[in-house]
Amino acid sequence: MAKVEHIMPDVEIEELGNSMKSELISCISSHIDYDSGSEFCLIPRIHPHIRMIDRNSYDPIMLSIGPYNNGSSALSSMESEKWNRLDYILKLNCEKGLKDYLTIINRLEKRARMCYSGDIKMNKRKFLQTLLLDGCFVLVSLGGLNEFISAGPQRATASSSHAEIVEEEMTSGQPNLTERIDIQQINTRNQNDIINIVVEENTVPEIELCLEISDHQTEQCVYQDNTRQIGQWYDIFVIHDLLLLENQIPFFIVEAIYEVVSSNKMTPTCKSGVARFIEMTLPFYPTAIRESSRPIDFDHLLHLCHMYFRPSSNEQEHKELTAQHYIHQFLQLGQGYLSHLGLSQDDHFPNRWRRATQYHEAGIEFKRRTYSEHNPHSLLDIKLRNGILEFPFLFVDDQTSVLFRNFIALEQTCPQVGNDVTAYIIFLAKLMSMPDDIALLARKGVIAHHMRSDRDVSQLFTRLTKGVVFDFYGNYYLNHMCLALEAYYQNRLHRWVAWLRHNHLSNPWLVVAALAGVIVLFCTIAQTVLTVESYVNPK
């Protein structure tokens with residue numbers, strides 16, 4: 001007997017339709033239109049599939065910045081420090097109150113929400129408070145106020161993470177300064193005793209300021225970072241957390257706070273001080289950006305840090321590399337084995353990347369690129385010239401994986417920043433896929449690491465490429481160099497010479513013996529020729 005198919009009654013269909021219509025309206029009303037041509041980068045949520053590969057590379061340790069990790073009990077210990085920095089900001093300019101800061105941030109709220117691709121469930125009041133506290137923390141902790149403090153003769157220095165540097169700069173810039181600025185501790189108060197924020201849906205926030213400000217407007221307001229008592233853990237963990245992709249706030253929030261503090265359009269921007277801080281956090285990585293060319297157009301801290309890793313544009317090197325490749329192709333055109341080289345994108349895969357030991361066996365030498373102040377280079381500036389592959393020095397430790405993972409996540413979710421770091425990591429992952437590759441590059445001075453073994457380093461770079469989407473046929477900065485590398489590797493003459501040099505000419509005594517044998521052979525041939533000549537044409 002055939003089974004009777006159950007048909008939903010019209011009443012249930014109507015109810016379902018109304019339910020879906022309500023859900024659709026709710027979804028559309030809460031939807032934020034993201035402009036693909038926007039001037040800022042999105043701050044996305046990391047996909048759970050990617051997060052599972054290495055969760056520790058995306059989760060903050062002790063500091064929450066932005067709405068994604070806000071409210072986490074594991075990160076609550078740093079919340080009092082944010083209020084401490086807000087107190088410092090308020091005392092820097094006693095003419096401005098909390099209402100001034102929240103008013104300008106309230107105008108930027110919609111723009112700030114559009115920066116986040118994840119679902120922000122914070123209400124208006126909580127979101128504005130988060131932006132203000134986190135913006136003050138970034139501005140004070142990263143030296144964004146250095147220029148402002150140095151500009152005012154009666155400003156006090158902040159003993160934040162770079163207070164000593166600021167004090168040295170002020171002292172050197174003002175040789176007639178005879179009075180030392182006393183550093184006193186700001187007594188932080190309970191959060192509920194500092195401000196009471198009342199935010200309506202479409203109105204400017206009304207602020208009740210409970211913090212007593214001194215009547216003396218010229219009183220020097222000073223800040224002391226109590227977290228310095230924690231020691232080096234604080235510095236390392238905070239820097240770690242500030243450079244996580246999900247732990248960002250749009251930098252225009254920080255700039256807005258700075259504008260209210262300075263209240264002077266002639267005051268230098270805070271971007272220079274923040275960029276200087278980022279430079280100080282990258283001591284082991286070469287950068288091509290100098291003080292005169294510091295970035296001034298960035299969207300958040302990780303974006304700024306990413307700019308220091310971009311390959312420097314050297315058109316001359318690019319032209320030389322391209323010319324060498326095409327000349328080599330022309331010279332090899334008549335050889336029969338060229339058909340299977342895969343140098344044409346229409347026939348075969350052109351950009352096959354090989355291990356360092358394979359390139360070494362083909363005669364390619366590895367060399368550490370010398371850093372020069374007159375001709376600086378970034379970490380990604382790899383150069384191939386005359387069979388020598390020059391690498392900028394790479395130092396690998398536990399933090400390397402975290403930094404590179406977040407760079408890759410930024411490039412994978414924000415195409416506007418390019419794919420340079422992704423191409424570099426994928427190239428290194430293949431080049432250093434085995435422990436003997438790491439050992440070879442370490443002997444050449446190209447790489448140094450503090451990992452337990454060479455295998456750990458090779459596995460680190462292999463894991464970095466897991467889940468990464470990359471177009472090998474696309475236009476990326478290593479494209480021409482990889483073509484030239486493959487052409488060099490496929491040259492049989494290069495492989496023969498390399499085999500002879502590695503297997504028979506590595507011993508200096510063998511080189512001397514071979515040279516002596518060549519001389520004896522040459523003399524024998526010359527003697528034979530002269531003997532035949534004297535016999536054929538006797539005098």
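The values are calculated or read from the model by the stated rules, or taken from the named source; none is laboratory data. Just so we're clear, the structure is a prediction, and the values are computed from it rather than from any experiment. Counting neighbours? That spans all protein chains shown, and the Cβs are built from the backbone with ideal geometry, glycine included.
Considering each of 495, 501 in turn, give the residue that is at pLDDT below 85, surrounded by 15 or more Cβ atoms within 10 Å (Cβ to Cβ) and assigned to a helix (DSSP H, G or I).
Matching residue, one of 495, 501: 495.
Can you find even one residue in region 41-48 that is more than 20 Å from residue 113 (Cβ to Cβ) and either modelled with pLDDT under 90 or outside any helix (DSSP H, G or I) (or both)?
Yes, there is a match, as at least one residue in region 41-48 is more than 20 Å from residue 113 (Cβ to Cβ) and either modelled with pLDDT under 90 or outside any helix (DSSP H, G or I) (or both).
Between a residue in region 383-399 that is over 26 Å from residue 486 (Cβ atoms) and any residue that is crowded, with 17+ Cβ neighbours inside 10 Å and among the hydroxyl-bearing types (Ser, Thr, Tyr), which pairs come within a Cβ distance under 9 Å, given they are 6 or more apart or on different chains?
395/285
Report, by residue number, each residue of region 80-137 that is β-branched (Val, Ile, Thr) and assigned to a helix (DSSP H, G or I).
89, 103, 104, 105, 130
Evaluate the following for residue 381: is it under 30 Å from residue 235 (Cα atoms), in the same structural domain as residue 465 (by TED's automatic domain parsing), surrounded by fewer than 17 Cβ atoms within 10 Å (Cβ to Cβ) and of a type outside the set (Gly, Ala, Ser)?
Criteria not met by residue 381.
Does residue 429 satisfy the condition of being modelled with pLDDT of 90 or more and either within 24 Å of residue 484 (Cβ to Cβ) or in contact with a Gly (Cβ under 6 Å, 6 or more places away or on another chain) (or both)?
It is true that residue 429 is modelled with pLDDT of 90 or more and either within 24 Å of residue 484 (Cβ to Cβ) or in contact with a Gly (Cβ under 6 Å, 6 or more places away or on another chain) (or both).
Among the numbered conditions (1) modelled with pLDDT of 90 or more; (2) buried (at least 19 other Cβ atoms within 10 Å of the Cβ); (3) on the phi < 0 side of the Ramachandran plot, tell me where residue 61 comes up short.
Result: residue 61 fails condition (2) only.
What tally of residues in region 248-282 results from selecting those that are among the basic types (Lys, Arg) and either outside any helix (DSSP H, G or I) or more than 16 Å from the chain's Cα centre (by Cα) (or both)?
Residues flagged as among the basic types (Lys, Arg) and either outside any helix (DSSP H, G or I) or more than 16 Å from the chain's Cα centre (by Cα) (or both) within region 248-282 amount to 2.
Taking interchain pairs and intrachain pairs at least six residues apart, which have beta carbon atoms under 9 angstrom, with the first residue in region 298-327 and under 30 Å from residue 238 (Cα atoms) and the second modelled with pLDDT under 50 and surrounded by fewer than 21 Cβ atoms within 10 Å (Cβ to Cβ)?
From residues that are under 30 Å from residue 238 (Cα atoms), there are no pairs.
So, in region 64-77, exactly how many residues are assigned to a helix (DSSP H, G or I) and surrounded by fewer than 19 Cβ atoms within 10 Å (Cβ to Cβ)?
Residues that pass the stated criteria total 4.
I'd like to verify a number: residues in region 283-303 that are surrounded by fewer than 17 Cβ atoms within 10 Å (Cβ to Cβ) and assigned to a loop (DSSP other than H, G, I, E, B), how many?
Adding up the residues that qualify gives 5.
Residue check: is residue 131 modelled with pLDDT under 95, surrounded by 19 or more Cβ atoms within 10 Å (Cβ to Cβ) and either touching a Leu at 6+ places or on another chain (Cβ under 7 Å) or not acidic (Asp, Glu) (or both)?
Considered against the rule, which asks whether it is modelled with pLDDT under 95, surrounded by 19 or more Cβ atoms within 10 Å (Cβ to Cβ) and either touching a Leu at 6+ places or on another chain (Cβ under 7 Å) or not acidic (Asp, Glu) (or both), residue 131 comes out as no.
What's the number of the condition residue 55 fails, among (1) of a type outside the set (S, T, N, Q); (2) modelled with pLDDT under 85; (3) surrounded by 10 or more Cβ atoms within 10 Å (Cβ to Cβ)?
So the condition that residue 55 fails would be (2).
Any idea which of 304, 282 is at pLDDT below 90, in contact with a Phe, Trp or Tyr (Cβ under 8 Å, 6 or more places away or on another chain) and under 28 Å from residue 138 (Cβ atoms)?
On inspection, the qualifying residue turns out to be 282.
Suppose we filter 423, 409, 442, 448 for residues that are assigned to a helix (DSSP H, G or I), surrounded by fewer than 20 Cβ atoms within 10 Å (Cβ to Cβ) and in the same structural domain as residue 357 (by TED's automatic domain parsing); which single one remains?
When all the criteria are applied, what remains is 442.
So for region 316-323 (the condition being of a type in the set (A, V, I, L, M), at pLDDT below 85, in a loop (DSSP other than H, G, I, E, B) and loosely packed, with under 14 Cβ neighbours inside 10 Å), does at least one residue qualify?
no
Among the residues of region 285-304, write down those that are closer than 18 Å to residue 380 by Cα and of a type in the set (A, V, I, L, M).
Correct list: 288, 289, 302, 304.
Taking only region 86-120 into account, find how many residues are under 15 Å from residue 249 (Cα atoms) and among the aliphatic types (A, V, I, L, M).
Of the residues in that region, 5 qualify.
If the Cβ limit is 9 Å and pairs must be 6+ apart or interchain, which residue in region 7-28 that is closer than 25 Å to residue 119 by Cα pairs with which residue that is surrounded by 10 or more Cβ atoms within 10 Å (Cβ to Cβ) and small (Gly, Ala, Ser)?
none
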